[in-house]
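**Q** Got a structure here, written out as structure tokens. Questions coming.
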Amino acid sequence: MTAVPPPPTVGLSRAAILAWLRERDETQLAALWQAADETRRRYVGDEVHLRGLIEISNHCARQCAYCGLRAGNRSLERYRMTSAEVLECARRAQQLGYGTVVLQAGDDPGLARDWLADLVRSIKRETGLAVTLSLGERSVADMRAWRTAGADRYLLRFETSDRQLYQLIHPPLPGQSSDRLALLSALHELGYEIGSGIMVGLPGQTYASVATDIELFRRLDLDMIGIGPFIAHPATPLGDGTLPIEVPADQIPHDELTALKVVALARLACPEANIPATTALATIDNESGYELALQRGANVIMPDLTPLPYRLCYEIYPGKTALREAGADNGASLAQRLQRLGRRVGTGPGNRQRHTPSAGDA
Ligand code: 5AD
């Protein structure tokens, strides 16, 4: 535990959050960017942690209206990696000096509890890396078994705090309800570091509901927060017009600037959190998406280590694979890009660091 001085005073009342989300004047926004960057520097420092992303399966039982992996997308070739393939990627992460691997998949019941537990144990035994899971909505029994096997963290975005919109775009499986907040609390109880987050600019999502999302980040005391712009996928109901959602007067845009504002506000709301510069941001701004996010609150990048043939099939939204093919996030160029920002590659697992408030803190 270390003591840090209080962050710069950018108020985070609901009214202030809303005003920042609506602000378009760059001279005004400079104060938000500066406060977020300064808070990031004081609380999580200049290290940028690299988490090696391994997309272990693109099977999905769900019918989410936004996601290209949805079961209804018949044009997608499906794959599930073998344990040996995943382990090989984990070794590669270790060789590259990363502290964490992230195992991600759709909601895939084909990933059996014991198989995954064995895999987590093997990765821990062979590499000692921190293991983050991002496998959708699983039973608490599954999550417990994987925690016992050594998994350290779990990512599960709540996507939007607007209940009605969530139900519409994320239909529950037959006979089940989808309560991601309850799962996050169960994960926390099991001793995982918990990550969540949202898409920004979903059709029907308002400024007011994103302000509520940011308040929720704080209330959940998240260890990790992932924020990306919504990107329409043509093979989904939100991309092909089959789920028409009336645009409300208060619709929040799905552009880069708005997503960056949410990143900055998330940093101010949760100063200790690990916040990635997400692939979705880099996808809509290939040139400087990572850089801008890193300068406005983010401190993590998740380079994709999935073998290429599989990676091409992990098309959550369009453009994602093209970016990866261009090598935009290969290790060498990343280190150089970080150096240009006055930042450096993080060492160690990059866990959330808890700070005690300094004497001057109220
Ligand atoms: N645009 C942007 N992000 C998306 N995700 C899923 N579909 C899309 C999309 N069309 C995000 C969700 C999910 C994460 C893995 O990817 O927030 O939790």
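The values are calculated or read from the model by the stated rules, or taken from the named source; none is laboratory data. Everything numeric in this text was worked out from a predicted model, so none of it was measured. All Cβ positions, even for glycine, are placed from backbone atoms using ideal geometry, and neighbour counts span all protein chains on display. Areas reflect the complete protein model, heavy atoms only, side chains present, ligands, DNA and RNA absent. Shrake-Rupley method; radii C 1.70, N 1.55, O 1.52, S 1.80 Å.
**Q** Exposed loop sites here are GluC sites (Glu not before Pro) in DSSP loop states with at most 13 other C-beta atoms within 10 Å. What is the longest stretch of the chain lacking them?
**A** Longest stretch, sites excluded: 78-245.
**Q** Using the Cα atoms of segment 253-319 to build a convex hull, what is its mean projected area in square nanometres?
**A** Across all orientations, segment 253-319 yields a mean hull projection of 5.0 nm².
**Q** Using the scaling law 2.2 N^0.38 Å as the reference, what is the normalised Cα Rg of segment 184-333?
**A** My calculation over the Cα atoms of segment 184-333 gives 1.08.
**Q** If you find the alpha carbon centre of segment 237-311 and of segment 79-101, how far apart are they in angstrom?
**A** Taking the Cα centre of each part, segment 237-311 and segment 79-101 sit 25 Å apart.
**Q** Also: Once each part is reduced to its C-alpha centroid, what is the distance from segment 13-59 to segment 107-126 in angstrom?
**A** Using only Cα atoms, the two centres lie 32 Å from each other.
**Q** Which one, 50, 351, 234, projects farthest toward the positive side of the charge dipole computed for the chain from Cβ point charges (K/R +1, D/E -1)?
**A** 351
**Q** Next question. Which residues does the label zone of residue 243 cover in segment 149-165, counting backbone N under 19 Å from a point 7 Å along Cα→Cβ?
**A** Counting only backbone N, you get 156-165.
**Q** Of all the stretches in the chain, which is the longest one without any exposed loop site, taking trypsin sites (Lys or Arg not before Pro) in a DSSP loop (any state but H, G, I, E, B) with at most 13 other Cβ atoms within 10 Å?
**A** 75-353
**Q** A follow-up question, please. Looking at 187, 265, 35, which one has the Cα that reaches farthest to the positive end of the dipole of the chain (charges on Cβ: Lys, Arg +1; Asp, Glu -1)?
**A** 187
**Q** Can I ask one more? Residue 308 versus residue 344, label points 7 Å from Cα toward the beta carbon: distance in nm?
**A** If labels sit at residue 308 and residue 344, their model points lie 3.3 nm apart.
**Q** Would you calculate the volume per residue, in Å³, of the smallest convex hull containing every Cα atom of the chain? Let's see the in-between values first.
**A** Details: hull volume 47.9 nm³, N = 362.
Convex hull volume per residue, Cα atoms: 132 Å³.
**Q** Rounded to the nearest 5, what % of DSSP beta bridges with both residues in the chain are antiparallel?
**A** 5 percent
**Q** Taking the Cα centre of the chain as origin, work out the dipole magnitude from +1 charges on Lys and Arg Cβ and -1 charges on Asp and Glu Cβ, in debye rounded to 20.
**A** Value, rounded to 20: 700 debye.
**Q** Can you tell me the accessible area per residue over the chain, all protein chains present, probe 1.4 angstrom, in square angstrom?
**A** About 41 Å² of surface per residue is accessible.
**Q** For the chain, just give the cysteines left without a disulfide-compatible partner, judged by no other Cys Cβ under 4.7 Å.
**A** 60, 89, 270, 313
**Q** How big is the charge dipole of segment 39-181 about its Cα centre, in debye rounded to the nearest 20, if each Lys and Arg gets +1 on its Cβ and each Asp and Glu gets -1 on its Cβ? Could you put the intermediate results ahead of the total?
**A** Values: 22 positive and 17 negative charges, 54 e Å.
In total the dipole reaches around 260 debye.
**Q** Starting from the amide H of residue 274, placed 1.01 Å from N in the peptide plane, find each other amide H under 5 Å away whose residue is 5 or more places distant or on another chain.
**A** Residues meeting the criterion, in which the H sits 1.01 Å from N, are 224, 225.
**Q** Got a sec to turn the phi values of segment 159-168 into Karplus ³J(HN,Hα) couplings, 6.51 cos²θ - 1.76 cosθ + 1.60 with θ = phi - 60°, whole Hz, x for Gly and Pro?
**A** Values, residue by residue: 6, 7, 8, 6, 3, 5, 5, 4, 4, 5 Hz.
**Q** When the accessible area of the chain is computed with all protein chains present and a 1.4 Å probe, what percentage of it is carbon and sulfur? Before the final figure, lay out the partial values.
**A** Values: 7620 of 14700 Å².
Here carbon and sulfur together make up 52 percent of the probe-accessible area.
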